[in-house]
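Please read the structure below before turning to the comments.
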Amino acid sequence: MQALDQYLARTLKTQRKEKGWSLDRAAKETGVSKAMLGQIERGESSPTVATLWKIASGFHLSLSTFLEPPVTDAEQTVIRSSAELRRQPASDQMLVAPLFPFEARFGFELFELTLQPGYKRLAEPHEKGVTEHVIVTSGEMELLVDGQWLVLNKGSAVRFAADKPHGYRNLHQAPAVFHSLIHYP
């Protein structure tokens with residue numbers, strides 16, 4: 001967790017400096033308080049996944065930008081293990097494995113996400129034109145799209161416009177695991 005917090009802190013500070021933004025400007029662009037952004041940059045706070053999304057959206061970047069560097073071996077076959085990548089990058093109860101961080105040439109990022117029993121998150125809309133593809137690999141979960149909670153079981157797949165409010169929840173006693181492919185226009 002310490003290495004992830006340090007990576008997030010360095011990346012946030014680097015991205016902010018590259019844009020020439022003060023903490024005040026970054027707070028206005030992301031909707032995350034100046035105090036929280038400062039704590040994240042100093043490695044003193046682990047934000048929620050919702051806060052990470054707000055930061056990524058405010059910077060007009062992918063979520064995976066703040067979780068780990070892109071896979072750089074462009075000419076080689078790339079093999080990644082969700083078991084090796086799975087971690088809790090935020091203070092809430094979602095486990096995240098960034099299987100393929102965002103690369104502009106592909107236009108997407110792919111995650112394995114695990115919702116612990118009782119987990120619920122309402123997500124704010126992403127950038128205009130962003131679509132998400134959810135494929136459940138184990139357990140049962142619910143996905144909020146178009147104002148309705150859809151029940152998804154193992155093998156269920158849904159594509160939806162992620163530039164609208166949406167949400168994820170697990171009302172069951174076992175974890176729910178799914179792949180989330182997020183495509184950026």
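List of remarks:
- Student exercise, the chain dipole from Lys, Arg, Asp, Glu Cβ charges, in Debye to nearest 20: 420 debye
- Shape class for the range 28-185, computed from the alpha carbon gyration tensor (a ≥ b ≥ c): rounded, with a/c under 1.5.
- Helix-only mean residue ellipticity at 222 nm for the chain, each DSSP H run of n ≥ 4 adding -39500 (n - 2.57), per residue, nearest 500: -7500 deg cm²/dmol
- Degrees, to the nearest 10: 49-58 long Cα axis against longest axis of the chain: 50 degrees
- Pairs of Lys residues in the chain that lie 8 or more places apart, or on two chains, and have C-alpha atoms under 28 angstrom apart add up to 29.
- For the range 93-180: rounded, prolate or oblate by the Cα gyration tensor [a/c cutoff 1.5]: oblate
- Between residue 171 and residue 79, the FRET efficiency from the beta-carbon distance, with R0 = 41 Å, is close to 0.75.
Since every read-out is calculated from the coordinates, none of them should be taken as a lab result. This structure is a prediction, so every number in the text was calculated from the model and none was measured. Note that each Cβ is placed from the backbone with ideal geometry, even for glycine, and that neighbours are counted across all protein chains shown.
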